[in-house]
Structure formats: C-alpha cells, structure tokens
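The next block holds one structure in the form of structure tokens; read it before the comments.
The values are calculated or read from the model by the stated rules, or taken from the named source; none is laboratory data. Keep in mind the model is a prediction, meaning the values are calculated, not measured. Don't worry about glycine lacking a Cβ; one is built from the backbone with ideal geometry, like all the others, and counts go over all protein chains shown.
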There are 2 protein chains.
Amino acid sequence: MTTRVGIREVAKAAGVSVTTVSHALNDATSSRVKAETQQHVRDVARNLGYAPNRLASGLRNQRSQILGLVSDEITTTPFAGAMIRGAQDAAYERGYVVMVVNSGLDSELEHREITMLQQHQVDGVVYARLYHQGVELPPALSGIPTVLLDAVTGDPSVSSIVPDEVNAAETAVEALIRAGHTRIGMINNVDDIPATHGRLEGFHNALRRHGIEHDPRHLVIAEPETSGGREAALALLSQQDSPTALFCFSDRVAMGAYQAATALGLTIPDDVSIVGIDNLELIADSLWPGLTTVALPHYDMGRWAVNRVLDDIDNPDTPPEQVRLACPLIERGSVGPPRT
Amino acid sequence: MTTRVGIREVAKAAGVSVTTVSHALNDATSSRVKAETQQHVRDVARNLGYAPNRLASGLRNQRSQILGLVSDEITTTPFAGAMIRGAQDAAYERGYVVMVVNSGLDSELEHREITMLQQHQVDGVVYARLYHQGVELPPALSGIPTVLLDAVTGDPSVSSIVPDEVNAAETAVEALIRAGHTRIGMINNVDDIPATHGRLEGFHNALRRHGIEHDPRHLVIAEPETSGGREAALALLSQQDSPTALFCFSDRVAMGAYQAATALGLTIPDDVSIVGIDNLELIADSLWPGLTTVALPHYDMGRWAVNRVLDDIDNPDTPPEQVRLACPLIERGSVGPPRT
DNA sequence: CTTCCTTTGCAAAACGTTTTGGTTCGGTGT
DNA sequence: ACACCGAACCAAAACGTTTTGCAAAGGAAG
C-alpha cells in the first residue's frame with residue numbers, strides 16, 4: 001500500500017495551505033475561502049482520491065461518527081438482520097457508521113463489549129432486544145446518548161421504540177371481522193411478556209368494537225411454537241361450534257394451525273381462516289396458501305432508533321419519547337369469508 | 001458527562017509520568033518499568049475507570065482495531081445474522097470490533113460505503129455474500145487486507161471460504177442411503193450458481209459410491225421456492241416407480257415437498273423420506289415431522305473469515321487459502337426406512 | 001496619500017495516545 | 001576516586017485533522 005494521501009498532500013498539490021484545504025472541504029458556505037479556490041481544492045482532492053482520516057478528525061472534534069448497536073442475541077429469526085439493516089441504512093444517510101456487538105445472555109460480556117464501544121468513542125448507542133420486553137439499562141451506558149430498540153424501561157428519560165402490540169392484534173382481528181367472521185378463536189402465548197398481554201387486549205378490543213361477544217372456549221394458551229399452535233388449533237377446531245377463524249400469536253403458531261387444519265381435513269381459507277403476527281416471510285410466503293399476517297416493523301424500528309439517537313446527539317435536550325409503532329397488515333391468502 | 005479520564009489523569013493520580021503509565025498498561029513484559037510500579041499504575045487506572053481512547057491510539061499506531069464487514073444484503077433469511085454473529089464473536093476475542101455495512105445490489109452505494117470504512121481506517125475487511133457465488137472484488141478494496149465470505153473470486157491471492165456444496169449433498173444423500181433407500185429423487189435449482197452444480201455433483205457422487213444407478217426421471221429442476229418444490233415433488237411422487245426419498249435443493253423446497261406429500265396422502269417419513277439443505281431452523285423445526293437437513297455453517301464461516309483477515313493483518317505474507325467448509329447433517333424426523 | 005475594512009490565506013495549537021531519545025541516580029569495576 | 005553502566009523514569013515528538021488568532025493584500029473612503 002502506497003502511503004495514504006493526507007490533507008497535506010492535497011494542500012501541496014493544490015498550492016495552498018492545509019488550513020485552506022480543510023475549510024474548502026468542510027465549510028459548505030464559509031466566507032473563509034473563495035468559491036473558486038474551494039472548487040479547485042475539491043477537484044484536486046477528488047483526483048488524489050483523498051479520504052479524510054476519521055480517527056484524526058474524530059480525535060480533534062471529540063466526535064467519532066460511530067454508533068454502537070448492542071443487541072442481546074442474533075438468533076434464528078431474521079428479525080435481528082432487519083433491525084441491523086434499518087439501523088445501518090439510517091446511520092449511513094447521516095454520515096455515521098454502526099458497530100454491532102452482541103452479548104448473548106451474558107451480562108459480564110455485555111459490559112466488556114460496551115466498554116469496547118466506549119473506547120472507540122461511540123457518539124451514541126442503540127440498545128436492542130430481539131423480542132419486545134422490559135429491561136434496565138446497563139450502568140455502563142450512563143453518560144452516552146442511548147435509545148432502546150424493541151424494549152422499554154422504567155426510566156422515562158430514555159427514548160424507546162416498540163411495536164404496538166395492541167394495535168397489531170386489532171389489525172389482525174379486524175381483517176377477520178371484515179371478511180365476515182364472528183366466531184373467532186385466539187391462540188395466545190403462555191409467556192408473561194408484553195406481547196402476550198397486548199395482543200390479548202387488542203383481540204378483545206376488536207371484538208368489542210364490533211359488538212361481537214367473545215366465547216371464552218375460543219381462547220387457548222399455548223407454547224409459542226409450531227407444535228403448540230398445532231395442538232391448540234386441534235383443540236379449538238374440534239369443539240362444536242368451533243371458530244371459523246383463528247388469530248394466532250405468531251406466524252409459527254399459525255403454521256401449527258395450518259398443520260392442524262390439514263390434519264382435520266379442513267382447507268384454508270374455505271373452512272377456516274387464519275392470521276398470524278410477525279410476517280416471517282420465510283414462513284408466511286412458504287405456507288400454502290400464503291399466510292395473511294401483521295408485520296413487526298423491525299426495519300423501521302431500527303431506522304427510528306438511530307435517527308432518534310442522532311437527534312439526541314445533535315440536540316441533547318430534545319425531550320425523550322416512548323414510541324409504539326403501528327404494524328401493517330400483510331395480506332396473502334389465508335383469510336376468506338366464513339363458510340355459510 | 002464529566003470530563004473523560006485520560007492517561008494524564010492516571011499519571012497524576014499514580015504520581016508518575018504518562019510514559020510510565022503507557023508502558024505499565026501496554027508492555028506486558030517490559031523491562032522499562034518495575035513490576036511494582038506497573039501493578040500500582042494498573043490499580044490506579046482501574047479505580048479511575050480509565051479506558052484508553054482508541055481514536056488516539058489508533059491514530060498513533062496506524063491501527064484502528066476495527067474490521068469492516070460488507071455484505072450484499074441482509075435479507076429475510078437468518079443467514080446474515082449468523083454470519084455477523086460469527087464475525088463479531090471472533091473479532092471480540094481478538095480485541096477487534098466490526099463495522100457492518102450493507103449495500104443492497106447497488107455498487108455505487110457499495111463503493112461509498114467502502115470509502116466510509118476506509119475513512120475509519122479499518123484494518124481489514126470481510127467481503128460477504130449471502131449466497132455462495134463468484135464475485136469480483138471492488139477495486140476500492142485493493143490495499144486493504146480482505147477475505148471473501150461465502151463467495152469466491154478468480155484471483156488466487158485472496159482468501160475465501162464457502163460451504164462445500166459437493167460434500168453437503170453427499171452428506172444429505174448418504175443419510176438417505178444409510179436408511180436403506182435406493183430410489184432417490186432430487187429436486188435441483190434452476191439457477192446457474194455454484195450450489196446448483198455442486199449439489200448435483202454430490203448427489204451423483206453419493207449414488208455412484210454406493211453402486212446405485214440413477215434414474216434420470218428422478219431428477220427434476222425447479223424454482224428454489226416452496227411452490228417450485230411442491231410442484232416438482234408432485235411430479236416426482238406421482239410417477240410410477242416413484243422415489244421413496246427426496247433430496248431437496250433447500251429447506252424451502254423441502255417444505256414444498258412436504259406439502260406435495262400431504263396433498264397426495266403420503267406420510268413422512270413412512271411413505272417418503274425427505275432431506276433438505278440449509279438448516280433454516282425456522283422451517284426445519286416447524287415442519288412436522290422435523291426436517292432432517294444439512295446445515296450451511298454461516299456462523300463458522302463468519303468466524304473463520306475474521307480470524308483469517310486478522311492473521312493476514314498480523315502477518316501480511318501468510319499464503320492465501322481458499323477453503324470449502326464441510327456441512328454437518330442435522331437429523332430430525334423426516335428420514336426413515338423405505339416402505340417395504 | 002493615508003486610513004481602515006474586507007477578503008483571503010497561513011502558522012500553530014490542540015485532541016489522547018505511543019515511542020524515541022535522553023536524563024537522573026545508585027551502584028560496580030578498575 | 002574515576003568513569004561507566006543499567007534501571008527507572010521522563011520530556012517531547014508524532015499520528016492527521018480542525019480551528020483560532022494573525023498577517024498580507026487589495027479596495028474604498030476620507
């Protein structure tokens with residue numbers, strides 16, 4: 001590698017001082033340097049392929065132009081990828097770059113990784129969870145602008161974004177109601193997490209709003225796996241006056257419901273309609289017919305989170321906000337009118 | 001935020017010069033500083049919560065301790081997450097941190113993103129693709145130690161790692177042979193990519209090695225989607241002397257084969273055995289019965305790639321190597337003995 | 001022709017490290 | 001007693017920027 005071209009090489013080639021080069025390149029509308037000179041310098045810089053050393057400028061301005069993204073786990077779902085991509089895209093648009101770090105469940109490791117981020121002088125961090133949950137912020141992060149992604153915390157001074165679980169469920173259930181269903185079953189999660197409670201609430205809201213009475217036999221609790229969904233759906237669809245439509249806690253649960261339906265000789269959506277939540281394309285697109293579901297907006301949450309933390313950096317006394325993001329319905333082929 | 005504690009604060013608190021502090025902290029076995037002093041300095045540094053500024057040290061040593069990871073796309077599959085996690089884990093173990101950047105298909109954008117990485121003075125980059133393919137290295141990367149991840153290139157001087165497609169197929173097919181199958185069908189991909197050719201070759205290798213004659217009617221080409229797999233499997237399983245086992249190009253194709261089997265009233269694995277490739281847990285775990293498949297080792301490839309690029313950085317004249325990584329069989333429930 | 005701006009450019013300091021070349025000091029060999 | 005040596009430490013330079021405080025040049029006003 002030939003020696004890197006620095007600002008002094010540019011200055012020499014352009015026949016000016018380094019000061020002038022710096023001004024020409026940075027100050028968009030400075031009166032310090034004549035427009036003509038500025039253009040000249042810029043041309044020279046481009047020709048030389050000059051790329052400013054951000055270690056140096058970061059050191060000088062106390063601003064690294066780096067964001068940290070610490071996530072709990074990057075698992076088998078594509079959620080993490082979507083969040084990272086959203087974060088990265090938003091960061092890129094504003095001249096930032098993101099360092100990804102993931103700690104598994106190990107809080108000791110997490111602490112050391114945060115320390116590394118601090119050593120690299122990250123200007124802010126996005127603290128992300130893969131599944132909507134409550135967390136407490138690691139003390140190591142105090143002093144760094146931080147926003148929560150897919151997580152909330154008790155401290156009202158920290159901004160956060162999570163999916164609006166209630167709204168997501170309402171959206172899903174209303175798609176069923178719109179198709180004409182009134183006997184609607186729900187397969188909920190056993191776990192005590194925000195999604196469980198929020199989606200149940202949304203389910204009831206939607207029914208109530210449309211004057212549909214809820215039959216308690218039509219609510220069953222299951223492990224949030226395909227097998228759990230299968231057994232739950234088997235139970236729901238075998239009872240008399242069984243539901244004509246199923247609202248499933250997740251796409252994987254919905255996949256179990258598909259299996260139950262075919263096992264019972266029922267076709268989707270003619271005999272039973274199904275909606276899920278997650279929009280895991282790998283599943284929703286692959287099922288047959290395609291699964292109508294509500295998307296969890298990980299990409300958008302990622303974008304929002306980094307834009308938010310960058311806003312905080314630019315203007316440190318922006319009031320914090322806790323956002324719940326609406327979730328769009330993705331229609332495929334699993335919802336139809338009830339069999340008359 | 002109180003003013004950051006720097007090396008000079010530590011020096012003052014320890015009653016020594018900054019030089020001594022630096023030596024005490026960095027030189028593991030220096031004769032420059034007495035062991036006792038070294039310990040003292042370290043204690044003081046820890047108590048003060050001193051964390052060296054890597055912008056400064058990077059500037060000084062011409063080494064940022066940052067790796068770039070440029071990937072083509074972070075899509076709906078969990079593959080990208082696995083690669084990133086592998087890369088991040090390996091980097092962490094060696095004191096590095098990774099900057100993730102993804103360019104979509106836009107080579108203009110990719111160029112600008114690589115420029116950003118260069119500005120941050122990354123010590124090396126991992127150039128990753130999500131699906132095994134041939135690429136040419138962007139010229140912007142010349143001069144930076146680079147290794148290819150899930151991609152190969154014509155240039156023998158650049159190291160790369162890809163899954164061993166031939167071996168993966170052999171592994172899958174041999175699992176079927178071991179269970180007793182001899183009439184084995186394959187659903188291959190239409191696309192002209194290394195995986196297509198490699199897996200076909202592995203399929204033939206395995207049959208030949210066990211003296212099984214291949215019936216050309218048992219090979220069909222399909223779109224690598226669930227729907228393609230469904231139609232292909234329908235065709236394969238409807239012919240007379242139909243295969244007793246199906247080797248599918250991917251897990252999604254295998255999912256289509258499941259759908260075809262149940263549509264034909266066949267049960268898995270009693271009437272037909274199925275293996276896939278990918279080990280997409282989201283699919284393989286959710287199918288019923290679970291899908292036996294061959295894992296594409298994205299996590300391990302990610303690890304290998306960063307370890308390799310770090311080796312190149314430490315020792316610039318390590319000879320390059322092009323590695324094909326073996327793929328392990330993951331057994332679930334979709335393979336059984338042929339119906340007699 | 002002087003004075004006083006305005007415009008344009010430069011030299012030098014600063015950011016927080018690492019490392020080079022000393023300097024001091026207590027001892028050791030002759 | 002003399003020079004010398006090594007151990008322990010330190011002052012200062014360097015890394016590549018940005019920015020402050022000045023200086024030079026040129027033009028307008030008096």
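Starting from residues that are outside any helix (DSSP H, G or I) and more than 8 Å from DNA strand C (Cβ to nearest atom), keep the ones in segment A:23-46 and report whichever is modelled with the highest pLDDT. Please lay out each step first, then the result.
Initial filter on segment A:23-46 (outside any helix (DSSP H, G or I)): A:27-34.
The next check asks that each one be more than 8 Å from DNA strand C (Cβ to nearest atom); those that pass are A:27-30.
Details: A:Asp27: 74, A:Ala28: 63, A:Thr29: 58, A:Ser30: 57.
Per the stated criteria, the residue is A:Asp27.
For the structure I just gave you, tell me whether A:His111 is modelled with pLDDT under 90 and more than 24 Å from A:Glu281 (Cα to Cα). Before the answer, list the steps.
Working: modelled with pLDDT under 90: no; more than 24 Å from A:Glu281 (Cα to Cα): yes.
Considered against the rule, which asks whether it is modelled with pLDDT under 90 and more than 24 Å from A:Glu281 (Cα to Cα), A:His111 comes out as no.
Any idea which residue in segment A:77-92 is surrounded by the most Cβ atoms within 10 Å (Cβ to Cβ), counting only those that are over 17 Å from A:Val147 (Cβ atoms) and more than 12 Å from the chain's Cα centre (by Cα)?
Checking each candidate, the answer is A:Thr77.
Across segment B:63-78, what is the total count of residues that are away from DNA strand D (no atom under 16 Å from the Cβ) and either more than 8 Å from chain A (Cβ to nearest Cβ) or within 21 Å of B:Val5 (Cα to Cα) (or both)? Working first, answer last.
Going through segment B:63-78, the residues away from DNA strand D (no atom under 16 Å from the Cβ) turn out to be B:67-78.
If we keep only those that are either more than 8 Å from chain A (Cβ to nearest Cβ) or within 21 Å of B:Val5 (Cα to Cα) (or both) as well, we get B:67-73.
Of the residues in segment B:63-78, 7 are away from DNA strand D (no atom under 16 Å from the Cβ) and either more than 8 Å from chain A (Cβ to nearest Cβ) or within 21 Å of B:Val5 (Cα to Cα) (or both).
Could you please find all residues in segment A:119-137 being out of contact with any Lys or Arg (no Cβ under 9 Å at 6 or more places or on another chain) and either aliphatic (A, V, I, L, M) or in a helix (DSSP H, G or I) (or both)?
Residues satisfying the conditions are A:Val122, A:Val125, A:Ala128, A:Leu130, A:Leu137.
Out of B:Ser273, B:Ser238, I need the residue that is among the hydroxyl-bearing types (Ser, Thr, Tyr) and either crowded, with 24+ Cβ neighbours inside 10 Å or closer than 27 Å to B:Thr77 by Cβ (or both). Which one?
Numbers: B:Ser238 fails: either crowded, with 24+ Cβ neighbours inside 10 Å or closer than 27 Å to B:Thr77 by Cβ (or both).
Result of the check over B:Ser273, B:Ser238: B:Ser273.
Any residue at all in segment A:153-163 that's surrounded by fewer than 21 Cβ atoms within 10 Å (Cβ to Cβ) and touching a Lys or Arg at 6+ places or on another chain (Cβ under 9 Å)?
No, segment A:153-163 contains no residue that is surrounded by fewer than 21 Cβ atoms within 10 Å (Cβ to Cβ) and touching a Lys or Arg at 6+ places or on another chain (Cβ under 9 Å).
List the pairs whose first member sits in segment A:151-177 and is closer than 16 Å to A:Met301 by Cβ, whose second member is of a type outside the set (A, V, I, L, M, F, W, C) and part of a helix (DSSP H, G or I), and whose Cβ atoms are under 7 Å apart, counting only residues at least 6 apart or on separate chains?
Pairs that qualify, where the first residue is closer than 16 Å to A:Met301 by Cβ and the partner is of a type outside the set (A, V, I, L, M, F, W, C) and part of a helix (DSSP H, G or I), are A:Ser159/A:Arg308; A:Glu165/A:Pro194; A:Glu165/A:Gly198; A:Glu165/A:Arg199; A:Glu165/A:Gly202; A:Asn167/A:Gly202; A:Ala168/A:Arg199; A:Ala168/A:Gly202.
Given (1) of a type in the set (Ser, Thr, Tyr); (2) within 16 Å of DNA strand D (Cβ to nearest atom); (3) out of contact with any helix residue (DSSP H, G or I) (no Cβ under 8 Å at 6 or more places or on another chain), identify the lone condition not met by B:Ser107.
(2)
Given B:Arg4, B:Arg60, B:Arg54, which one is crowded, with 20+ Cβ neighbours inside 10 Å, basic (Lys, Arg), within 16 Å of DNA strand C (Cβ to nearest atom) and within 14 Å of another protein chain (Cβ to nearest Cβ)?
Matching residue, one of B:Arg4, B:Arg60, B:Arg54: B:Arg54.
I need every pair where a residue in segment A:206-230 that is surrounded by 15 or more Cβ atoms within 10 Å (Cβ to Cβ) has its Cβ under 7 Å from the Cβ of a residue that is charged (D, E, K, R) and part of a helix (DSSP H, G or I), sequence separation at least 6 or different chains.
As it stands, the answer is A:Ala206/A:Glu170; A:Ala206/A:Glu174; A:Ala222/A:Glu231; A:Pro224/A:Arg252; A:Glu225/A:Arg252; A:Thr226/A:Arg252; A:Gly229/A:Arg252, since those pairs meet every condition given.
Residue check: is A:Ala195 on the phi < 0 side of the Ramachandran plot and touching a His at 6+ places or on another chain (Cβ under 7 Å)? Walk me through how you get there before you give the answer.
On the way: on the phi < 0 side of the Ramachandran plot: yes; touching a His at 6+ places or on another chain (Cβ under 7 Å): yes.
Yes; evaluated as a whole, the condition is true for this residue.
Does A:Ile193 satisfy the criteria of being in the same structural domain as A:Asp241 (by TED's automatic domain parsing), of a type in the set (A, V, I, L, M), surrounded by fewer than 17 Cβ atoms within 10 Å (Cβ to Cβ) and closer than 15 Å to A:Ala254 by Cα? Can you show your working first?
On the way: in the same structural domain as A:Asp241 (by TED's automatic domain parsing): yes; of a type in the set (A, V, I, L, M): yes; surrounded by fewer than 17 Cβ atoms within 10 Å (Cβ to Cβ): yes; closer than 15 Å to A:Ala254 by Cα: no.
It is false that A:Ile193 is in the same structural domain as A:Asp241 (by TED's automatic domain parsing), of a type in the set (A, V, I, L, M), surrounded by fewer than 17 Cβ atoms within 10 Å (Cβ to Cβ) and closer than 15 Å to A:Ala254 by Cα.
Can you list residue pairs whose Cβ atoms sit under 7 Å apart, with the first residue in segment A:272-287 being facing another protein chain (nearest Cβ under 9 Å) and the second being of a type in the set (D, E, K, R)? Count only pairs 6 or more apart in sequence or on different chains.
From segment A:272-287, the pairs are A:Leu280/A:Asp251; A:Ile283/A:Asp251; A:Ile283/A:Arg252; A:Ser286/B:Arg252.
State all residues of segment B:79-118 that are facing chain A (nearest Cβ under 7 Å), free of Cβ contacts under 8 Å to residues at least 40 places away in the same chain and outside any helix (DSSP H, G or I); if no residue qualifies, say none.
Listed by number, the residues that qualify are B:Val97, B:Met99, B:Val100, B:Val101, B:Asn102.
Just one of (1) outside any loop (DSSP other than H, G, I, E, B); (2) under 21 Å from B:Ala90 (Cα atoms) trips up A:Ala140, so point out which.
Condition not satisfied by A:Ala140: (2).
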